[in-house]
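Working notes, beginning with the structure itself.
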Number of protein chains: 2
Amino acid sequence: MGLNPKLTLEDIARMSGVSRSTVSRVINQQPNVSEPVRQRVMDVIHQTGFHPNLAARSLASQRSYIIGLVIPRSVQNLFSDPYIPLLTQGIAQTCNQNNHTLALFLFNTEEDEYKLLPRIRRPGLVDGLIALSTHADDELLTQLRQGDIPYVITGRPMNLPDASYVDVDNLYGAFLAVRHLIHIGYRHIGTITGPLKTTTGMDRLEGYKKALFESFIEYDPRLIVEGDFTQSGGYYAALKILPHQPDAIFIASDYMVLGAIQAFQENGLTVPDDIAVVGFDDLPISSQMSPSLTTIRQPIRPLGAKLVETLLDIIDNGSQPPRRVIFGTELVIRESCGAHQKMVFQGDG
Amino acid sequence: MGLNPKLTLEDIARMSGVSRSTVSRVINQQPNVSEPVRQRVMDVIHQTGFHPNLAARSLASQRSYIIGLVIPRSVQNLFSDPYIPLLTQGIAQTCNQNNHTLALFLFNTEEDEYKLLPRIRRPGLVDGLIALSTHADDELLTQLRQGDIPYVITGRPMNLPDASYVDVDNLYGAFLAVRHLIHIGYRHIGTITGPLKTTTGMDRLEGYKKALFESFIEYDPRLIVEGDFTQSGGYYAALKILPHQPDAIFIASDYMVLGAIQAFQENGLTVPDDIAVVGFDDLPISSQMSPSLTTIRQPIRPLGAKLVETLLDIIDNGSQPPRRVIFGTELVIRESCGAHQKMVFQGDG
DNA sequence: TAAGCTTGTGGGAGCGCTCCCAATTCTTGC
DNA sequence: GCAAGAATTGGGAGCGCTCCCACAAGCTTA
């Protein structure tokens, strides 16, 4: 198993008494190699610990087997939200399973946008890109579209009519959350939204409105406060909404809930007795916190997996027609909504 | 600025009336190119939007300009701790600044350890690796040592005598934290440690002990509870320590503080009135939570930057002698230690 | 038994760079 | 005005693969 330093295909070929081409066929699991030859070559490969040189393979095959994950500057502050690491995990894992390498491109400064993007688009670096969707006016996505690199986007993008994306059903998820609160008996329901420049933020707000509308509850604009998916954003949004005395609140991300609950506590309010809360995401902490959080579960890791699979499909088969995958969401009832205390009612369609 | 698809050095050479070699020299900013020629070539490059093919460059130069970040399975659960994303940011940013690409290798399953590592070590993929240090018996690091790939480790590793690493002064940081608590007047000081299989966990415990020793305070083993750097680990460790009624507690990571504070609240204890808390890390949330957290600040992003710089140094100049960089830490006094209420004393050396 | 398949194998060409050395041009000193 | 040297420039070789085509066997089929 020793790693002889500079072994090449040619070396392995010589050592196993065949040609370079045959060794290549064995390594790439191509057909048209007889079983005894395949065995012999495999033995030599294992004995020598040989691995083909990736740069050479990339050059010859015009594929690098590298997938890039692009995290725009506008979601940088969100990097502390467990959502992104979780998604990254799903993506990384699926890359590994498909024998691809994951390259991470974080845009920190505005300068990066000019410097990094051309670098990413260099030929011979990545086969394709996964981009986190951002607000409408993000330069990044429009630049992507102009390039010739295959890409998918997490979350429905705003102004890219024929982009491929993977998303969750934000509208219906939010709808489930708010309908649940209504079923329990709350009527003065507020919401802390995501950034309303993003489709995610907008869709979840739509779901909120739809649930109220369906139950003929007039909605009070003062009970709708825009957040930004950060913890401190949740905190300040909560402070802003409290004077209008909601009896329940739908918060568009679990991470914002953390900040909001702190605001409630400082104002002497207990969850769920004084104010009921339903979140969105179902992060690992959400079940551990106290009170445990009623929330909308979205399948974050599977989403990451699907992103990779979709991208590989596009790389192999072209970007047309655009792929669109929407994952379902699920209401997870725990303590923070007060369902258990307030009434017998439990399940939800 | 249009991206003509398949431009090569040769094309640029023809278009600017020079040879391939000269274009290469211009692109790589090598000397021995006359100013007018350089100008002419640069103009053509800008007009055409040409970027050299990275796979070809890697093959010819035997450098990929890719750096791998290896996150072992044993720190996977920590991915929700903002520490790792923050570190990753520092690393990514510095990679960009040095025109390197960051590849992310997350080990999710045990299987990955066997499958992924050989892939990482393939020639032509990465120039070097940054590995998060883990507990002593982690297979990963010893495997790294056997390889021929340059690497650095975050945090002093346990059984790698001549590995290069970048770390913070955990011992002195913890010492500062506990000495501060002693200065304020606390005497029954507990600690929730990190995993004691890691040097980080051990060093911070040593610092705790050293501060007590220096003040002739006998330490009570029941006040030392091992945590695991996770939020829920902090919660359970706190529950375990509370019966022994510490008046102050040093918690070895801010993220564990989050869990611990929840345990305190459930037991009706207020911070800092009933129990004083000092953390470690100084995460972004630490200043925002309520009460704001007194903690030991470690320079996470600079640490990431130094990791990259050290690795590049090793790649260029060889791994001997091993590089060792230790960053200093700093006590940040806020509300959770009760210093402001309890006494006039403020500063701390 | 010859002609036509199918299956297995080998080697040339080429992917697009870098690096080295040879060739050319420009300086400079005496 | 010319040799010696420095500064430029060009082109060949090669990095280690993949891909294509040619060729060698073995196997049908008439």
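The values are calculated or read from the model by the stated rules, or taken from the named source; none is laboratory data. Everything numeric here is computed off the predicted structure, so don't read it as measured data. Positions of Cβ are generated from backbone atoms using ideal geometry, with glycine treated the same way; all protein chains shown enter the neighbour counts. We work out accessible area using only protein heavy atoms, side chains counted, and drop any ligands, DNA or RNA first. Shrake-Rupley method; radii C 1.70, N 1.55, O 1.52, S 1.80 Å.
Sub-8 Å Cβ pairs linking a first residue in region B:239-265 that is within 14 Å of B:Ser336 (Cα to Cα) to a second residue that is surrounded by fewer than 20 Cβ atoms within 10 Å (Cβ to Cβ) and among the charged types (D, E, K, R), at least 6 apart or interchain, are B:Asp247/B:Arg187; B:Phe264/B:Asp274, ordered by first then second residue.
The residues in region B:272-284 that are open to solvent by less than 20 Å² (accessible area, probe 1.4 Å) and within 14 Å of another protein chain (Cβ to nearest Cβ) can be counted, and the count is 2.
Which residues, taken from region A:25-35, are more than 7 Å from DNA strand C (Cβ to nearest atom) and open to solvent by 40 Å² or more (accessible area, probe 1.4 Å)? Correct list: A:Ile27, A:Asn28, A:Gln29, A:Gln30, A:Glu35.
Look at (1) of a type in the set (D, E, K, R); (2) surrounded by fewer than 19 Cβ atoms within 10 Å (Cβ to Cβ); (3) within 12 Å of DNA strand C (Cβ to nearest atom) and you find that B:Arg57 fails only one, number (2). Looking at region A:243-271, which of its residues are under 23 Å from the mean Cα position of the chain (by Cα), within 11 Å of chain B (Cβ to nearest Cβ) and open to solvent by less than 10 Å² (accessible area, probe 1.4 Å)? The one that is under 23 Å from the mean Cα position of the chain (by Cα), within 11 Å of chain B (Cβ to nearest Cβ) and open to solvent by less than 10 Å² (accessible area, probe 1.4 Å): A:Gly259.
Would a scan of region B:135-153 turn up a residue that is touching a His at 6+ places or on another chain (Cβ under 9 Å), free of Cβ contacts under 8 Å to residues at least 40 places away in the same chain and part of a helix (DSSP H, G or I)? Looking through region B:135-153, none of the residues is touching a His at 6+ places or on another chain (Cβ under 9 Å), free of Cβ contacts under 8 Å to residues at least 40 places away in the same chain and part of a helix (DSSP H, G or I). All of (1) at the interface with chain B (Cβ under 9 Å from one of its Cβ atoms); (2) open to solvent by less than 30 Å² (accessible area, probe 1.4 Å); (3) closer than 18 Å to B:Arg121 by Cα hold for A:His51 with one exception: (2). Each residue in region A:117-126 was checked for being within 22 Å of the chain's Cα centre (by Cα) and surrounded by 21 or more Cβ atoms within 10 Å (Cβ to Cβ), and 1 pass.
With a cut-off of at least 1 residues that are within 16 Å of DNA strand D (Cβ to nearest atom), name the helices (runs of 4 or more DSSP H) lying wholly within region B:10-109. Correct list: B:20-27, B:35-48, B:54-61. Within region B:13-24, the set of residues being more than 8 Å from DNA strand C (Cβ to nearest atom) and either crowded, with 17+ Cβ neighbours inside 10 Å or aliphatic (A, V, I, L, M) (or both) comprises B:Ala13, B:Met15, B:Ser16, B:Val18, B:Thr22.
Can you find even one residue in region B:96-109 that is more than 16 Å from DNA strand C (Cβ to nearest atom), open to solvent by 10 Å² or more (accessible area, probe 1.4 Å), within 14 Å of chain A (Cβ to nearest Cβ) and at pLDDT below 85? Checking region B:96-109: at least one residue is more than 16 Å from DNA strand C (Cβ to nearest atom), open to solvent by 10 Å² or more (accessible area, probe 1.4 Å), within 14 Å of chain A (Cβ to nearest Cβ) and at pLDDT below 85. Going by what's in this entry, would B:Gln93 be described as over 30 Å from A:Leu59 (Cβ atoms), under 18 Å from the mean Cα position of the chain (by Cα) and at the interface with another protein chain (Cβ under 10 Å from one of its Cβ atoms)? When the stated conditions are applied, B:Gln93 does not pass them. Under the condition of being surrounded by fewer than 20 Cβ atoms within 10 Å (Cβ to Cβ) and over 20 Å from A:Arg204 (Cβ atoms), the residues counted in region A:285-304 number 6.
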